[in-house]
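Report on one structure; see the data block that follows.
The values are calculated or read from the model by the stated rules, or taken from the named source; none is laboratory data. Source: prediction; values computed, not measured. Here Cβ is always computed from backbone atoms with ideal geometry, including for glycine, and neighbour counts include all displayed protein chains. Only protein heavy atoms, including side chains, enter the accessible area calculation; ligands, DNA and RNA are left aside. Shrake-Rupley method; radii C 1.70, N 1.55, O 1.52, S 1.80 Å.
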Amino acid sequence: MNEGIRLLLIEDNPDDRAVFRNKLAASKVNAVIVGEASVAGDALTAAEEMDPDIVVLSLEEPFARPLRILESLTVAGGAPVIAVSSDGNRESMRKAMRAGAKEYLMRPLNADELGRTIESVFAAQQRRKAMLSGGQTAAIRALGEVFTIVGAKG
């Protein structure tokens, strides 16, 4: 049974959760929210237990806690993270991307953009998994090669 792309929504505000669910439904993307968690509470536990394909994380002021969650999810090697924020400041976007966000969406959300973003992040993750499942040598070769040149003197 293919239920679609499995999403975990990490958002504190119930109104923003409802808006996200509505935009997701309007986007016509084959995705389902398998769980919801709060930034202030059980986000990391939920991500571990639910094993989603993508995590959608609300990134609002104060940024310290959501950025720590984002970094933890990225270091753990779990699902890719899409950050959603009402802050369009370039520095905020940079912080999110440095912490590991694959995409950064601005509020108010656009249903079509949301759908395209979810599909592209999911497709990129599937390509990574396929590349890594080809074996360690194939994965290294696909990522690049390292050449070392040493000059002999003396």
*What number, rounded to the nearest 500 deg cm²/dmol, is the helix-based mean residue ellipticity at 222 nm of the chain, given -39500 (n - 2.57) per DSSP H run of at least four residues and division by all its residues?*
-15500 deg cm²/dmol
*What is the packing order of peptides 48-55, 20-27, taking the mean over residues of other C-beta atoms within 10 Å and listing the highest first?*
48-55, 20-27
*Calculate what fraction, in whole %, of the accessible area of the chain sits on carbon and sulfur atoms when a 1.4 Å probe is rolled over the protein chains.*
51 percent
*Counting only protein chains, not ligands or nucleic acids, how are Met97, Met131 ordered by accessible area (probe 1.4 Å), most first?*
Met97, Met131
*Between Ile5 and residues 5 or more places away or on another chain, which pairs have amide H atoms under 5 Å apart, with H built 1.01 Å from N, and which residues are they?*
Ala31, Val32
*Using modelled amide H (1.01 Å from N, peptide plane; none on Pro or chain starts), what sits under 5 Å from the amide H of Val84, excluding residues fewer than 5 places away?*
Leu57, Ser58, Leu59, Leu105
*Could you tell me which of Leu132, Val34, Met93 has its Cα farthest along the dipole of the chain towards the positive end, charges placed at Cβ (Lys, Arg +1; Asp, Glu -1), taken about the Cα centre?*
Leu132
*Place a label point 7 angstrom from the Cα of Asn22 along the Cα-to-Cβ direction, then list the residues of region 81-108 whose backbone nitrogen is under 13 Å away.*
108
*Select one label from (1) 0.97; (2) 1.21; (3) 1.14: the one whose number is Cα Rg over 2.2 N^0.38 Å as derived from the coordinates shown.*
(2)
*Calculate one ³J(HN,Hα) per residue across region 20-35 by plugging θ = phi - 60° into the Karplus curve 6.51 cos²θ - 1.76 cosθ + 1.60, and present them in order as whole Hz with x for glycine and proline.*
4, 4, 5, 5, 5, 5, 6, 6, 6, 6, 7, 9, 9, 7, 8, x
*Would you mind working out the accessible area per residue for the chain, using a 1.4 Å probe, and quoting it in Å²?*
61 Å²
